[in-house]
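Engineer: Attaching a single structure in structure tokens format; questions to follow.
Any read-out appearing in this document is the output of simple, stated calculations on the displayed coordinates, not a laboratory observation. For clarity, every value in this text was computed on a predicted model and none was experimentally measured. Here the Cβ positions follow ideal geometry from the backbone for every residue, glycine too, while neighbour counts run over all protein chains shown.
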Amino acid sequence: MTTTPPETRAGNAPSIVPQGPARLALIATTIAVLAQTLRFAAPRFDHLAESSGNAVAALAVVLVFLAGFTAPAIRAAAGPNGLLLVGAGGLLVVRLLAQALSPQLWLALLGTAVGMVAVVALYEAARGLSGVGFATATVAGLGADTALRMMFGTWDPVWRSGPAEWAVCLLLVGLGAAALARELRSGPVEAPGISWRDALGAAALGPFLALQILVLSSPAFVASSGWQSLTVAHLVVATGQGLALAFLASGLAVRAVPGGVCVLGGTVLGVGAGATAGAYAVSGLVVVGVVILCQVLSAWLLAVASRAPLRLAGRGGPARRIDVGAALGGLLVAVVLLPYQLSSVGALPFPNNVLPGVAGILLGGLAAIAAARGGPLPARAPLRALAGGGAALTLLFGTLVFEVTRPSVDRTADESGSLRVVTYNIHEGLNTDGRLDLDAIAENIEAQRADVVLLQEVGRGSLVSGTTDVGVWLSRRLDMHLVWGPAADGQFGNAILTSRRVLSSGSARMPKGDWSQIRGYVWARLGVGDRAVYVWSTHLDGGADRSRERQREIMALRRAWGGAPRTIFGGDLNSGPGSAEMSRLLDGTGLRSAALGDYGPTTADGRKVDWILGTDDLVFSDHGVHPSDASDHHPVAVTVRLGH
């Protein structure tokens, strides 16, 4: 059983958040910049996989995530301050370069590698703090990062070069550089002897970060899976972060905790994360409660796990053992996020819900290993808890800016009996160079003066889109209603944008016989003049060997449609003219193609797989494919008039 030394009991309890604001600021800013780096790296890694193959991309990504294991060599060559300079300082330089040059593949690889060294350096910077102090700074950094990206509708400012985006970059880099300079001047804190068991606690930061990026600090995740507005979603995330800060400040977080309780907490965390993230996840209001609870649980477990590696006294080996433990944590980020991202393009031998679940259980297990190790046990401090939670209210400034800066779009109400319809596979906002460019997507849609946009491959918190809520961003930018239809998971699917009245809507996913990407569809019933028109957006299975699967999906689509009149289908059907799939969809169904003659390829590689179809009571004109490098598919547009 763990005992509390007399000098650390209630009457002489140390501060829950120890003195050293520069040290806390360094940890917070490093965590914020690290989260941004991992997010902008994800789209680049996806593009690398498309251009070079999954095997090459996976090997390259794993290698950069192993960079943390070079930390002992850096420490030996340059000392503790050199490790801090390479890790935290190098990450700030990468962030500045990414803002100046726009995220490039080499910056994504370099930034990830330096970020893994920074994970190790954080424990050097934090030595002398309590586990609570480290966890507090980490949660605060993630909270500030979430608030900053909410100012831009969750599209990370690193992808654009306007004055506001540069201001955010310079604020973070400047604050981080000042804190780093102060830390370097103060000199390193001598490390005690460290056992391997102590050092393993440093690995907890890895699964903690993976959960935060994927689920807990992602407003887009809460908005899409919880079926909430993006504003409410950020309020939920900020509430969870505020409660976590209050709990950490209360003095309850690191009191003597049996390892079994940590395992139980990690199991609850893993079940909650696995039940809400992935292909077979729950959705709706329950997600709100799970995210708030898991935010508190994850912060508590990180605080418990971090106590041991941050101790100032003990017996054992050199500090490089902590370096190895923290580097292992960096690798665990890849173990969770990399296969989760790959599951969007290929089949895993298990449902991807397992990955966030494993992250939660790992965090609990690592906390359990370190639970009975040393470190002060502060007294309870309810007033400090209130202050910590109240401070989290400042995290809402991002939501306030998001609401007051809503763009003004000059759109006059159109109640005519015709529609301009566009179908567009936007590839989650990635252009042909692998850059996340939502402005280009919006400009292509605006050029067609579209009333209805049928979108495929829409990311709403997916890793490929850097956890951006692409659907909400486009809806806000174009001043159009968003109708969402999840497919592969709650963060990836189809969508409809429209300026017309939405009378009703719905969505569903196609049946699937393996763990590969699930396809789906979304529909809306729109008011057009004095009549109703049905519009559908769908994306069928890809691959030359998947024809039979596509035909099964078409039959499911036909059953869901039921032959209703005045219906428009649009989407990436992964089927060309004259294919068995198109015959199955057109023959005897009353549907026909909107194209009256031949037309150009609809994809960058020369295929004709993007279609607009309609029933016989609709009249089509002005059909065209409009080439663009904003996606690997081109927008296809047509004017639709209602027949008599």
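Engineer: Per residue, how much space in cubic angstrom lies within the convex hull of the C-alpha atoms of segment 195-299?
Structural biologist: 101 Å³
Engineer: Would you work out which of 214, 464, 110 lies farthest towards the positive end of the dipole of the chain, given +1 charges on the beta-carbon of Lys and Arg and -1 on that of Asp and Glu, about the Cα centre?
Structural biologist: Checked the options; the winner is 214.
Engineer: Just need the Rg to Rh number for segment 459-555, please, alpha carbons only, Kirkwood Rh.
Structural biologist: 1.02
Engineer: Moving on to the next point. With only alpha-carbon atoms in the gyration tensor, what are the semi-axes of the equivalent ellipsoid for segment 414-642, in Å, largest first?
Structural biologist: 22, 21, 18
Engineer: Sticking with this one: Using 0.36 nm per residue, how much length does the chain from residue 66 to residue 286 gain when fully extended, once their Cα-Cα distance is taken away?
Structural biologist: Gain on extension, residue 66 to residue 286, equals 75.5 nm.
Engineer: Pop a pseudo-label 7 angstrom from the Cα along the beta-carbon direction at both residue 264 and residue 406 and give the gap in nm to one decimal.
Structural biologist: Each label point is offset 7 Å from its Cα along the Cβ direction, giving 4.6 nm.
Engineer: A follow-up question, please. By what distance, in whole Å, do the Cα atoms of segment 199-261 stretch along each of the three principal axes, largest value first?
Structural biologist: Rounded to whole Å, the extents work out to 40, 25, 17 Å.
Engineer: Restrict the search to segment 311-362; then list the trypsin sites (Lys or Arg not before Pro) that DSSP places in a loop and that have at most 13 other Cβ atoms within 10 Å of their Cβ.
Structural biologist: 315
Engineer: Scan the chain and hand back the longest stretch that contains none of the GluC sites (Glu not before Pro) lying in DSSP loops with at most 15 other Cβ atoms within 10 Å.
Structural biologist: Value returned for the longest uninterrupted segment is 416-644.
Engineer: Would you mind giving the three semi-axes, in whole Å and largest first, of the ellipsoid equivalent to segment 22-70 according to its Cα gyration tensor?
Structural biologist: 28, 13, 4
Engineer: Can you give the Kirkwood hydrodynamic radius for segment 516-644, in Å, rounded to one decimal and based on Cα pairs?
Structural biologist: 15.2 Å
Engineer: Starting from the Cα of residue 559, step 7 Å toward the Cβ, then list every residue of segment 465-509 with an amide N under 18 Å from that point.
Structural biologist: Within reach of a label on residue 559, which here means backbone N under 18 Å from a point 7 Å along Cα→Cβ, segment 465-509 contributes 507-509.
Engineer: Filter the trypsin sites (Lys or Arg not before Pro) in segment 81-150 down to the DSSP loop ones having no more than 16 other Cβ atoms within 10 Å, then list what survives.
Structural biologist: Nothing satisfies the criteria.
Engineer: If you average 1/r across every pair of different Cα atoms in segment 17-403 and take the reciprocal, what Kirkwood value do you get, in Å?
Structural biologist: 20.4 Å
Engineer: Going through segment 526-612, which chymotrypsin sites (Phe, Trp or Tyr not before Pro) have at most 15 other Cβ atoms within 10 Å and a DSSP loop state?
Structural biologist: Passing both the DSSP loop test and the Cβ count: 599.
Engineer: Using only the alpha-carbon atoms, what does segment 225-360 span along each of its principal axes? Please give whole angstrom values in decreasing order.
Structural biologist: Result for segment 225-360: principal-axis Cα extents of 50, 37, 27 Å.
Engineer: Using DSSP H assignments, which helices in the chain have an axial alpha-carbon span of 20 Å or above and a mean Kyte-Doolittle hydropathy of -0.5 or higher?
Structural biologist: Qualifying helices: 21-52, 105-126, 131-150, 163-186, 230-250, 259-276, 286-307, 320-342, 354-371.
Engineer: Quick check: net charge around residue 525, other residues with Cβ under 11 Å of its Cβ, Lys/Arg +1 and Asp/Glu -1?
Structural biologist: Within the 11 Å Cβ shell, the charges total +4.
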